[in-house]
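Participant: One structure is given below, represented as structure tokens, and several questions about it will come after.
Values quoted throughout were computed directly from the atomic coordinates according to the rules given, and no laboratory measurement underlies them. As the structure is a prediction and not an experimental result, all values here were calculated from the model. Heads up, the Cβs are rebuilt from the backbone with ideal geometry, glycines too, and the neighbour counts pull from every protein chain shown.
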Amino acid sequence: MPQPERDRGNGGGGMIVRVRSRDGLERVTIPDPNSATVGTLKNLIQSHLGVPIPSQILSRDRNLLIAKSPDEAASLSDLTNPFTPLAALGISHGSFVFLSYDGMRSVPGPVGAATVTPAGSFGRKMTMDDLIARQMRVSRQENPHCESASFDRDAAHVFQLYVNETLAFAIKRGGFMYGSIGEGGAVEVDFIYEPPQAGTEDALTLLRDPEEEKLVEAIAMGLGMRRVGFVFTQAVGREGKGEYTMSRREILQAAELRAEGGVAEWVTAVVKLEVNEDGAADVHFEAFQLSDICVKLFTEGWFDTEAIDGDPKVSKMKKDVVVGTKDLREVDNDFFLVPVKISDHKVLTPAALNLCDLAFLQMAIQAFLKDL
């Protein structure tokens, strides 16, 4: 939690300069602004804030507070010459300067509060990023918002048949799942719409057409259905080595679609080819939800979306998060996945449509859209 502002100047008139450090926001009051220099400011910080001048690194750049090394901090310091007038640097009443220092000090809190020593575990100094990370703890979510996911057998068969027999699971393929959400969060998937897309072994790019999607939404609405999730296939030659459920790219794409969907019960399904005990290949469906903390991290911009190299089994963060007892910037993707029970069902299409089942409807939608 950010520290409250503490006016620790002389209590009289003069120019107030706000000092932001790892301990929060404090203020010093400069009695004579016209003659004040960098040296004046450093002396006041020493006398009123208790930070010795030799330990002070001052800058007008807020990046000083997230510097990773003393050399990096020193390179950001632009308040080094003690004879430079503050006015010449644009520092006036209410200006911010940023302070970094080594060591520890006692910081008085509000009147009546206990003295706070700004240090982390075992005396390690705390930065603002450390404080934020303490509030962003990543742990496994035990229970999904979706009680179960049930797939219409024919709709699932149509989707996997093309991927298996035509694409041979050589590239990725995906589609939006439409159906309904029952009591207790049970999701029923009745048909799958496959938007225009380009797939490779490692990545799936959706070439989405807003007008086409409006037509699909209208058809679904007419059937009393809605978009309830996304399904994609794993290519047999996907990136990296070792076993993992979803790669970093897939987590990011799933999080983006989940955030767009705006449905708490949103399901992400994975289809892959597995070798059974007899040595034959079977098509296998799995269903997951992304954890609430995963969605929060994505919507608040914590994921490093530019980092595409490295181990695909982990997601990279822009800042440290707490996993267990450690501050980390790489999180195992399994922490973000909440398994959902999966089953199948057979849909009885409304008689007014005069269709035998929704698998036919799925093929009809795809054919209709291709003719547009």
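Participant: Suppose R0 equals 25 Å; then what is the FRET efficiency for residue 334 and residue 306 from their Cβ-Cβ distance, rounded to the nearest 0.05?
Facilitator: The computed FRET efficiency comes out at 0.65.
Participant: Label residue 256 and residue 221 with points 7 Å out from Cα along Cα→Cβ: what is the distance between them in nm?
Facilitator: Between residue 256 and residue 221, the simple spin-label model gives 2.6 nm.
Participant: Pairs 296/326; 318/341; 214/316; 214/318: which are spaced more than 28 Å apart, C-alpha to C-alpha? Numbers along the way, then the final one.
Facilitator: On the way: 296/326 20 Å; 318/341 33 Å; 214/316 34 Å; 214/318 35 Å.
Listed pairs above 28 Å: 318/341; 214/316; 214/318.
Participant: If you don't mind, another one. Can you figure out the FRET efficiency of residue 274 with residue 93, using R₀ = 45 Å and their beta-carbon distance, to the nearest 0.05?
Facilitator: Details: r = 69 Å, r/R0 = 1.53.
My answer for the efficiency is 0.05.
Participant: A follow-up question, please. Which whole-Hz ³J(HN,Hα) couplings does the stretch 148-157 yield from phi under the Karplus relation 6.51 cos²θ - 1.76 cosθ + 1.60, θ = phi - 60°, glycine and proline marked x?
Facilitator: Each residue's phi maps through the Karplus curve to give 6, 10, 10, 10, 4, 4, 5, 5, 5, 5 Hz.
Participant: A further question follows. Label-point separation (nm) for residue 325 and residue 345, each offset 7 Å from Cα along Cα-to-Cβ?
Facilitator: 4.7
Participant: At a Förster distance of 51 Å, what's the computed FRET efficiency of residue 81 paired with residue 139, Cβ-Cβ distance as r, to 0.05? Write out the running numbers ahead of the final one.
Facilitator: Details: r = 49 Å, r/R0 = 0.96.
Efficiency, from the Cβ-Cβ distance: 0.55.
Participant: I want the local charge near residue 305. Using Cβ-Cβ distances under 12 Å, sum +1 for each Lys or Arg and -1 for each Asp or Glu among the other residues.
Facilitator: My count for the surroundings of residue 305 gives +1.
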